[in-house]
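Shown next, in structure tokens, is the structure this report addresses.
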Amino acid sequence: MKIVLHSPIDGRVVAERELATLANIETTLDCAKTAQQQWAQTSIKERAELCHKAIDALLQKKDEIAHELTLQMGRPIQYSAGEISGLEERGRYMIDIAESALADHLVEEKSGFNRFIRREPLGVVVTIAPWNYPYLTAVNSIIPAIMAGNSVVLKHSNQTFLCAERFAEAFAAAGLPDGVFQYIHLDHETTAQLVSHDSVNFVSFTGSVAGGEAIEKSVVGYFKGLALELGGKDPAYIREDANLAHAIENVLDGAFFNSGQSCCGIERVYVHESLYERFVQGAINQIYEYKLGDPFDNETSIGPMISTKAALHVREQIQDAVAQGARSCIDTGYFDRDELGSVYVAPQLLTHVNHQMRVMTEESFGPVIGIMSVANDEEAIKLMNDSPFGLTASIWTEDEEQALLIGDQLQTGTVFMNRCDYLDPALAWVGVKQSGRGCALSSLGYQQLTRPKSFHLKRI
């Protein structure tokens, strides 16, 4: 059975591959398990050298990979190479902190004893990566898993499976031992069989809430580790003391970059009533500066959505909100290519919205935001927390102390001030509620990819 990768740009066939069989899964996992036992004996220094070389190999093909990335998922070409730069930042950071993150943890001295805790690799890690940031999401687990002494099997989205092959090429060029990193192309049914296999010790999944639920069900009763990075409905709060121009520019970028198809993109905005009208007008003016169109045109800032189904979902949310009294502030006729049935969706800003509307409560994952006026911090906090999701939240203010006070009350994994839609590899990447479980990046990210072993040595 084959998978066929169609470009969202124009539907052309980009690549075709055979799906793996159950026998292929067995062979892959046997190889991963055998390779991991030897890999676990290598030094962190040796692991680091090979992982750095793999990143070097990806960087050498940056332009080629960027073109291929745009073809697979439609991101404007002017931004595609930036994903490889982001991969480098995250990957090298996680490599460089590995020695300290994995070092033995010494406890207080006790006469006659040597006591410490050592972190050991889990074994075989399966990474399941999505199409929207196919390199950035994958590197979050691949590099630290390998650095911790695990072997990795990557199952990438069937919309971006060429990215899995690029990772394999890079690790091969670096000289990574066979079996330490592998990829496999699967459908949903065989993916469930992969993650539930006895040889798999940990699963890292990034994707939809529904996908996360399916993965969780697949591993019930197998007592293996699981990390889930799922959906988001991330809010921004514009306080009365915000730098308005800075807030408008960056909130819109956080909302519409990648056609709004970002897990931590801004999807709802709460503006202090004193700034509301100016924020809305400024945002409208800036939105008309975006260019929707062919992502291979260097002037294009918003490309196609990933599928007609995804585009329909966004259009239905907008129509539903307008039917309930919301006002669409952007004339989509101004933008070329935006028409019913098209994957090209113009950016939209909605006012007069409320939390009875799907566009303010359901994940949109597209180029639309709803904006509400709020009277004070208390109202903003209440609305920001009124969501089944909790990935990130941003506060736009000149008062850092107030940002901290507000942030302490928000039900979210990351609190931003005066920025959004960014993963700092030095900080833990976590979600609450339906945004997921587990912790990636930072020194804490190594904890879920290893197990602690205590040594209690008594001297006679």
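The values are calculated or read from the model by the stated rules, or taken from the named source; none is laboratory data. Fair warning: this is a prediction, and the values are worked out from it, not measured in the lab. As a convention, Cβ positions derive from the backbone with ideal geometry for all residues, glycine included, and neighbour counts pool all protein chains shown.
Please return the ranges of strands (runs of 3 or more DSSP E) entirely within the range 338-449 where 3 or more residues are within 24 Å of residue 302 (Cα to Cα).
Correct list: 348-351, 368-374, 392-396.
Go through the range 156-197 and count every residue that is under 22 Å from residue 39 (Cβ atoms) and not hydrophobic (A, V, I, L, M, F, W, C).
Residues that pass the stated criteria total 11.
Looking for whichever is over 20 Å from residue 279 (Cα atoms) and not small (Gly, Ala, Ser) here; the options are 357, 417, 384, 372. Which one fits?
Result of the check over 357, 417, 384, 372: 357.
Contact list please: Cβ distance under 6 Å, first residue in the range 59-85 and in the same structural domain as residue 301 (by TED's automatic domain parsing) and more than 11 Å from residue 295 (Cα to Cα), second residue at pLDDT below 95 and of a type in the set (D, E, K, R), pairs at least six apart or on different chains.
none
Exactly one of these conditions fails for residue 274: (1) surrounded by fewer than 20 Cβ atoms within 10 Å (Cβ to Cβ); (2) under 15 Å from residue 338 (Cα atoms). Give me its number.
(2)
Please find, among 193, 182, the residue that is part of a strand (DSSP E or B) and farther than 22 Å from residue 391 by Cα.
None of the others qualify; the one that does is 182.
Restricting to the range 326-337, what's the tally of residues that are surrounded by fewer than 19 Cβ atoms within 10 Å (Cβ to Cβ), part of a loop (DSSP other than H, G, I, E, B) and either in contact (Cβ under 8 Å) with a residue 12 or more places away in the chain or of a type in the set (Lys, Arg) (or both)?
3
Going by what's in this entry, would residue 363 be described as of a type in the set (Asp, Glu), under 26 Å from residue 430 (Cβ atoms), in contact with a strand residue (DSSP E or B) (Cβ under 8 Å, 6 or more places away or on another chain) and buried (at least 22 other Cβ atoms within 10 Å of the Cβ)?
yes
Which one is surrounded by the fewest Cβ atoms within 10 Å (Cβ to Cβ), of the residues in the range 406-426 that are aliphatic (A, V, I, L, M) and closer than 27 Å to residue 362 by Cα?
415
Residues being of a type in the set (Asp, Glu) and out of contact with any Ser or Thr (no Cβ under 9 Å at 6 or more places or on another chain): count how many of those fall in the range 403-438.
1
Please go through the range 219-247 and pick out each residue that is among the β-branched types (Val, Ile, Thr) and buried (at least 24 other Cβ atoms within 10 Å of the Cβ).
Within the range 219-247, 238 is the sole residue that qualifies.
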